[in-house]
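The values are calculated or read from the model by the stated rules, or taken from the named source; none is laboratory data. Computed from a prediction, not measured in an experiment: that's the story for all the values here. Cβ placement follows ideal geometry from the backbone for every residue including glycine, while neighbour counts extend to all protein chains displayed.
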């Protein structure tokens, strides 16, 4: 079984962040918040119910590991060529899948470019996925550029 590449974990942690910190006793916890795309989220980008109880960073890392394994499985299902590519390329697309969901990857031209091993075309497609609420989100643009940097 292929493991989640370390660069995918690093990208997710960097761009999701452990947000909305609050104190619970002596521990710092995260509480649910609405992400820029309008979804209730907690910890490192884990989708949740708005009434989800606060979680510690350790709990957030457990959610992240589980969510990234799900993203990895979907990425390999839709882009099987990545099983034989360098880990950094796999990491870039796993991060995309984690961020935007398997459904977006499944129906995208990005998927076709990856499976054709068209890395220039893949980079161009990644750069198209920077919108939220009808406008370019600087955080998404930066994230996509980091993913693109892993393709070469």
Consider residue 36 carefully, then state whether it is in contact with a helix residue (DSSP H, G or I) (Cβ under 9 Å, 6 or more places away or on another chain) and closer than 16 Å to residue 95 by Cα. no
Which of the residues belonging to the stretch 1-18 are modelled with pLDDT under 90 and more than 15 Å from the chain's Cα centre (by Cα)? 1
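Return yes when residue 139 is under 16 Å from the mean Cα position of the chain (by Cα) and surrounded by fewer than 18 Cβ atoms within 10 Å (Cβ to Cβ) and no when it is not.
yes
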Within the stretch 52-87, work out how many residues are loosely packed, with under 14 Cβ neighbours inside 10 Å and modelled with pLDDT under 95. 2
How many residues of the stretch 63-111 are in a loop (DSSP other than H, G, I, E, B) and touching a helix residue (DSSP H, G or I) at 6+ places or on another chain (Cβ under 8 Å)? The answer is 2
Every residue in the stretch 132-152 that is modelled with pLDDT under 95 and assigned to a loop (DSSP other than H, G, I, E, B), please. 133, 134, 137, 152
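Among the residues of the stretch 112-131, are any in contact with a strand residue (DSSP E or B) (Cβ under 9 Å, 6 or more places away or on another chain), touching a residue at least 12 places away in the same chain (Cβ under 8 Å), surrounded by 13 or more Cβ atoms within 10 Å (Cβ to Cβ) and not in a helix (DSSP H, G or I)?
yes
Of the residues 65, 37, 30, which is more than 21 Å from residue 125 (Cβ to Cβ) and touching a strand residue (DSSP E or B) at 6+ places or on another chain (Cβ under 9 Å)?
Of the residues listed, the single one that is more than 21 Å from residue 125 (Cβ to Cβ) and touching a strand residue (DSSP E or B) at 6+ places or on another chain (Cβ under 9 Å) is 30.
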Residues in the stretch 20-43: is at least one buried (at least 16 other Cβ atoms within 10 Å of the Cβ), touching a residue at least 24 places away in the same chain (Cβ under 8 Å) and under 21 Å from residue 150 (Cβ atoms)? no
